[in-house]
Structures are given as structure tokens and as C-alpha cells.
1. Would you compute, for the Cα atoms of the stretch 219-267, the largest minus smallest coordinate along each principal axis and list the three values in descending order, in whole Å?
2. How large is the dipole of the chain about the Cα centre if only Lys and Arg carry +1 and Asp and Glu carry -1, each at its Cβ, rounded to the nearest 20 debye?
3. Decide, for the stretch 342-391, between rounded, prolate and oblate: order the square roots of the alpha carbon gyration tensor eigenvalues as a ≥ b ≥ c, take rounded if a/c falls under 1.5, and otherwise choose prolate if a/b is larger than b/c, else oblate.
4. Do the alpha carbons of any pairs in K305/K532; K277/K983; K573/K983 sit beyond 25 Å of each other, and which pairs?
5. Take the stretch 738-877, compute every pairwise Cα distance, and split them into 10 Å bins from 0; I just need the percent in each bin.
6. Which distance in nm do the two modelled labels at Q780 and E804 give, with both placed 7 Å along the Cα-to-Cβ direction?
7. Quickly estimate the mean residue ellipticity at 222 nm for the chain, helices only: each DSSP H run with n ≥ 4 gives -39500 (n - 2.57), and the total goes over all residues, rounded to 500.
8. For the modelled label position 7 Å from the Cα of E858 along Cα-to-Cβ, which residues of the stretch 438-468 have backbone nitrogen atoms closer than 18 Å?
Amino acid sequence: MEEGRRRFLLGSGVVAGSAAVVGYKETLGAVALLKDKGERAKDSIYGEAAEPEVRFESGRALVNPKYSIRPSVCNGCTTHCGIRVKINQESGAVERVFGNPYSLLSSDPWLPYNTPLKESLEVLSAQKESGLHHRSTACARGNAVYDKLNDSFRVTKPLKRVGKRGENAWVEISPEQLIQEILEGGNLFGEGEVEGLRSIRQLDKLIDEENPEYGSSANRLCVLGTADEGRQVVMVQRFVQSFGTVNFMGHTSICGLSMRAGEAAYLNDFVGYPHLKPDFKNCKFLLNIGTAPAHAGNPFKRQAKLLAQARTTGECRYVTVTPILANSDNIAVGERSRWLPIAPSGDLALVMGMIRLIIEEKRYLADYLAIPSLESQKALEEVSFTNATHLIIQKGEKEGQILKDSQGSPWVIDAKEGVLRDSKSVLRGELDFAGEVTLEGVSYEVKSAFLLLKESALAYTLEEYASFSGIDSKEIVHLAREFTSYGRSVGVDCHGGTMHTTGFYTTYAVMMLGALVGNLNHKGGMSMGGGKFEDFNGEAYNLIAYPNKPKPQGARIDRARMAYEKTSEFKRKVAQGENPYPAKAPWYGLANALESDVITNSEEGYPYKLGALISWCANFIYGQSGSEHLLESLKDPKRAIPLFIAIDPFINETSRWADYIVPDSVMYETWGVVSPWGASLTKASHLRYPILPSPNAKWSNGEPVSMDSFIIELGKALGLPGFGKNGIVAKSGEKFPFDRPEELYLRAFENIALSGKAVPEISDEEIELAGLKEYVGKLQAINGENWRRVAYVMARGGRFAPIEDAYKGDSLSRAYPKAISIYNEALGTSKNSLTGERYSGVPRFYAPRFTDGRSLEEAGLGDSRSFLAFSYKSNVLSAPTTASRHLKELRYTTFVDMNSQSAKALGIVHGERVRVVSKGGFVIGICRLREGIHPRSIGIEHGAGREGEGAIDLFINGNVIRGEIARRSGVNINKLGLKDASKGKVGTLSDFVIGSNARQGIPVWIEKLS
Ligand code: SF4
């Protein structure tokens, strides 16, 4: 490509000041003379484009004084990329967003951390084509969604409902009235007495004397968050824990909990819930199941770039197994990329078939699997190890437990000498063992974990797996052989596609494929991520600790993290000689949080009824399959939630049912600290601080209302530990107040700056360039002698380790240290609280089912004419971005996607209106026919078909803002969601082990409307 043309096409805000483009000016001018309304554009080359923020002249970057370029973090999706925001100094308006070249989520390669700020602007220019190499981007969504900042439906003052819940009619109130009413309660709505937060927080009063394990009255407050956008630690550690409630949930149960829990089982950590991502850069073969990198997933943008690099300049071949053809597949790379269509929820059978074939044909890495301990791993200079040789007790009181000595060390059969030995003292154990052994004088019947996996995989024939999955057995064989043909630089990944009733075991099985080839911690294999710099607990401050911090205890409202067998209900039944099963409703001892069960559990009063709910940008009514069944419960304050407070800058489908709205800050107005959650092999911490003023109402100290300032004011009014005077204690013992968000976040930034080797001090020139002058006073006051180091981190949008830190030879530098669970003991010793059945401790095929084990098929939810509906993530839309008008220009609506042959058989043509009906509800949409979709399925893109955030009329102080049809347009698949009667009156269908909401594989019928 010619030099001049290439420069023009760079399309960056950094333009060359040379005459390189002049040769094209005439031609381009001819096509760019007119605006859309027939007026002349202001520039014949650049049309109406804004002026560039930086000009490159005489070898140096000159910043346009009309603009400031500030670092921030994008909240367009849960990736939370490091970005730069171009702000017009005169109007204060955001004009453009682009990537932060220091951030690994926006650039690859990313800049060395000590690169001077000015150079970080220069390298993005066309000079010597460095802009191509260093390109740093925001995706289409990230570049559009900032118009939310000024959306007409944005809430900037506290609101109190007038009329009935859900009518979307409100009156503005002062921040002080808000605090007073929610704290003290009273007859707030003329509907009777409402208990306030002060009365709910009684730490020494039990909820239920008969069931003391339910904990104190404070547990009757539940707080719902969403994805952690950088402030969750503050909400949880400072407010929720200080209040004394155990009840905080993020959005995981309606997002990807089946994936998270399956990986937690594989990594044997149901507390920390770690998870893995492929090392895309060096992967030789990648198997994506129920996820589509480059189309969705997290980190959305980074995965897309790494995959594109891997399939073109790298050696990667990959197969994507999904019901719909997405952007992961790429025709230009020929055989390197392949799409394997599968019906929704057919994935577990496919993977168990692959495991069967791999074991039968001995295509697994036996020498690796035989390594029984960390000691043997180190002696053999291996990268990871598994518990494949550990022995599982088959009978008696200890049934399901791993055979361990009194010190807790597993014993295995030494592969060399055939005798029972401490796993620490043998290099390799027997993989395939069944028999009787004696340890510390007691005899046990045992089987090795690997043998249990083998038996489980062999429980069905390949033909049966083919029939359950809908994938031909020859294809299963081919895929299993292909997967095991690339050594250990092989990745496996799955995500939202596993959100069906057997999704937990699906993920466990998918990960197990990786164990069979030994890919954990291996270059090109699977990584637990590069981690982060110490932030809230670091060198100078432990910001999650404070004097008199309570230790919340007791059963959670979602009945997660507690086994039914620990409850008084179970013990009472046993004491009375009754069969303790079934429990009144399911308990999920291995799940970490179930937002999707809060309303139904509170309505049932099991384990107890909530006094108040605070939702913070949560939106389960839009995001939860079957949420329509919850609306009646939310509507009536007496049924499930007596007091409902929503912290939200917009009134979404969920906050619409609240009693009060507390306006939050939006995007670049907020504080926060985030780190990537995968697909990065090196340390990274992104930080965000207000680079725009908030238009929100102010507290008496001048601080704008936001989540942070709200919990501070609430905490102070309640007298909670950790707020106000002496709320922050340095590691040196020095005490500071916690009255404003900056007093905490700037100290977290200080920890990041000082973590390990402290970052350099910033120069005055960089303070100017980063627009940090207004922060100098606060930095000096809060960070003292470290203020220039904190500013250095702020100017770069965070702190990022170099790529050189990623590998040590063939292994990853940051390795997962514990054993992979071929057999998971916690799982294998847990029982279903409804049936009393012990769960399989190894991956196993189960047909789609309700929590009590009844088959979905036998329940008559579908028939020979029905299809299986599935939801797929959008590469443009996302649930929290409805209020972006720009985004609507990129993707106006969503459709009912259907295979053209299946449609033909029903006489449906492209563009026809159809009704999609399930046993849980129906939706109406426009049918979009495509070839790239499994013929038995119906696909619906997630993100449109809204009833909040400006989609419906909003009444404030008697004035109406009319809802926009564009925001209502499209289809919301979750209205088709099913109930599970074994989970209470309005319990929604979920995974039978872990409780994650089931939105995939819903049986539906299609009806023509015209
Ligand atoms: S992937 Fe796009 S929308 Fe998501 S955080 Fe990054 S730039 Fe924003």
C-alpha cells in the first residue's frame, strides 16, 4: 500500500501534519464535500470530524490545547478496558474514546510502563508506521456508549416512588430525606409501616431462634451488585460487612456461574472460584465450547485480537462449538478455523464422548496424570499436577473421601513398586487402580480418581453420546483425535453457552479435556491469569480492615455456601427418625452466590424473609431467564421485599420496582480499581478516577451523590465501623477519616504505586499532559510524600507489568499451584438436598433436568415440533448500555434467528413476524433466516427488547419523559424462561447442582403471525 494512502487509512485522531495525504485531497474532497443535509462539510478531507487531539510536527507530538486526553476505564461491558477519553476543554463534552496504549486490554503489544507520556502519544501516529504496531483501541461499543453520560433518562437526584411499585412514577427528594427515611422507616408510602435499616441491623438478635444458623437480624438486608467494575470491594468490605449481613451477590448466577463453578470444581477451590483462560498467543489448538472469542466473552477485545494474531501469524487451529456461527470463525484462514454446530445443551454429551474416546484410545498424557503431588511435580520439573492417582473410598462412613493419613496427606499406589505410599514420597502413582488398602490400621475399598473418570465416561457408548448431543459419532471421534494431536499447547474454553440445567458438569468436563493433555500452566495451554498489583490491601494500607469490623455469619438468603446437612431443619428430622430428604427447597453448598433465587426465597420465607433489598445497578429482571414469574412478588411489598432501594443512574427493568432510587455516577465520573479476569499472563491493575464532573445532587459536604458517597453517608448515619472519623487506619497505625470516596481510592492507588518496586515519581510536564493539575492538592493531602508516585500511576491509567514476565521456558510464570481435581472431593461427598443423592465427583453425563432430578423431556416441555431456544451474546449490545443512542445506530434491534431450512418447513419467510412460545411465556419478533444456525434451535441476541432505561414512560414530579420505541425494539429471550416447581412458587429453572440460572436449551414452538 502506498505510504500516503496508508497514513490516511490509519484513521487515528493522531494525524500526520506532513503533506503525505495531499495527493489524495482532490479525489477525496470530491466525495466528502457534502454533509447529509446537503451543506458543505467544514473540511473536504475530514468532513465534520472533530479536530485531532494531537498533531505530529517536526518529529514531536503537539497536544491540541482545545482538548484534554484523560485515562479511564470503559464500562461498556464487563471487560473494563483501559481507555483514553478526549474531552473538549471548552464544552466539557466527551468527543471520542480510544485505547490506552499502556493497557494490555486495549493494546498488544502494550507500551513499556516507563514510556514517557508524550512518547505514548507519538507512537500512535503514522510516523514510521508506529501507529500500526502500537494501535490501541476501544471496540465499537466502547466508542459509542459514552453518550449515556448525558442521556435524558439519567437520574441525577434521589427519587421516591409515588403510586404503586412498578408504575415508574417518582418524586425527587433531597439526599438528607433519603437517608432519614430508609434508616428510620415508618409509614413511608401510606401503605403501612415499613421497617428501616436501623431496626433491621440488630447484630445480637437472631432471625429465628429455632434455626440459629440463619444468623442475626442484620442478614435481613441483602445487597445485589453486578459485575465488579472496580468498586465492589468498597461496597462489600466497607458497607455490607460493616452492616453485618452475609447477603451480597453479584450477577454471576444469571451470567456465567455454571462456567465459574465447573472451573472451581476442576481447580478444587469452591471458595476463591478461580478460573482459567487459554494462552491464546501460543496456543496450537483451541476448542471453544459455548463461547465465541472475537464475538463475545471476557476479555472481549483482547481475546479477539489475540485470536486473530494466533490464526494468522501464529500456528493456532481452532474449532468453535456453538449453536450459531459467530465472528470466531474466519473463512480467510481456511482450515485453521472451523465451526461445529450443536443444539443447545448438547455439549455435555459431546465432551463426555470425547473423554471416552481419549481414554479408550489411551490418547491421554499418562506420565503427567500419574504425578500425585506438588513435591513430585517439582522433582520432575513439571508445570502442574492432578489427583488422578488419589484413591477414593468406596464404602462406609468415609465414602467419597480421598484416602488421606492423619496429617491430611493423600496416599497413592506407587507406580514403581505397587505399594501404598504417601503421595509426597512417590514420583508417579498408579492411574488405574481398584482394590483394598490398609492405612494407619484401617482397611478401605478404594478406586483411583482416574478409574472413576474412566467408568463415568464409559457409562454410555459413543453412539449414545452421539444421540444425546446430536453430533455424529464420527465427528466426536475426529474432534477427540484432533484435540489430542497438538501436544500440551492446547486450550479449552467455555462460557455462557453452558448456562443450562447441566452446565456445571459440562464445564467440569470441558476443563477435564485439558487435564488429559496436561495443559494447565503450560505455554500455549491454560492460565489462571497474571494477577494484579496489591490494591486495597497493600504496602501502605489495608483498606478492607478497620476497627470493630463485624464478622457476618449465618445462612444466606440464596441458600448458597451452606450444605443442607448443616441446618437445624436437617438435624431435627434426623433426630425424629425421619428421612431428612427432601429439604423444603434446594440448598446449594458449593455455589458462591445466587442472585436469581433471592426474590423467591424471601417470598417463601425460607430460610427467612428479607427486610430490605439494595440493588446496585443490578438487573435480574432483564437478565434472568424466567424473571417474568417474579414480577408479582416484587409488585407487592408485603410478599418478598418490604423496602427496596436501587442505586442506579438509570431506572432499569429491576430498579423500576424499587421504592427509592439513589443516583450513581456514570462511566468516567467514577472511581474504581479493576484487573483483567483472564487471557492476560502478566500483572495488570487499571484504575479510574473522576475525569468529568458529576451532574448529580450533592450532599451537604459538596460531594455528588453516587454509590460511594451514599454508603459513606449511610454508614455514618448508622454509626457503622469504618466510616467517618478514624475510618481508615494506615499500616503505620496512623488514622484518617473516611468521609469522601477519594480518601479511600487514592490510598488504594498508593498501594498499587508502591507494590513491589515502587513506580517513579511523575514530572511536572506529565502532570500537565495528563490533566492532573486539579488533583495535586488532594494528592498531596492524602498521599503525602508518595503523591508523585500515585500521580504517575493515575497518568497511565493503572500499572502494567511487561510481557517478558509471562513465561519461564515452557511454563507460565504465574502458575496455579494446587492439584487439578480429576475427582472433586467436596462435590463427591455432597448430596442433592431434594433427593439425597450423592453427586458424581467426576464429570458425568446427565440429561437436562430439574433440581429434583425429574427429566425436562419427560415433563412434556417440548415435543417433536419444538425447537430449543438459546441466547447469545452480542458483539455490540450489552445489558447496561440501552441508554446509548449511538449504540442503537450500530445495532437497532434484535431478531428471532432461525435456520432457513427449518423455517421453510414451517412456511416462514425471512422478515416475517413470529410468536415464540414456551411453557414459561412467549415473545413476538421478526424472524431472521440464516444458514449458520443449528436447525433444531432458535437464537436470540442478548441486549434488546427493553422495558427500562428509557424504553417506557418515566414520570418524575408529575412530568413525563416518553419512552422510546427504539429502546423497546427487539426480543428478550428471558421472557421464555421456565419455572422449577421444586424451587418454590416462583423459582426459576437452574443447574441442578449449582443453581445457575438456565437460559439455554428452552423448548419452544414457533407460530406464524401474519
Ligand atoms: S471490550 Fe469494548 S465495550 Fe467492553 S470494556 Fe472494552 S472497549 Fe468497552
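Read-outs: derived from the displayed coordinates by stated rules, not from any lab. Keep in mind that what you see is a predicted model, and the values were worked out from it rather than measured. Positions of Cβ are generated from backbone atoms using ideal geometry, with glycine treated the same way; all protein chains shown enter the neighbour counts.
1. Ordered largest first, the stretch 219-267 gives principal extents of 34, 23, 20 Å.
2. 1220 debye
3. Because a/c hits 1.5 or more and a/b exceeds b/c, the stretch 342-391 counts as prolate.
4. Over 25 Å apart, Cα to Cα: K277/K983.
5. 9, 20, 14, 17, 17, 16, 7, 0
6. Using points 7 Å along Cα→Cβ, the separation is 3.7 nm.
7. -6000 deg cm²/dmol
8. Of the residues in the stretch 438-468, 468 have backbone N under 18 Å from the label point off E858.
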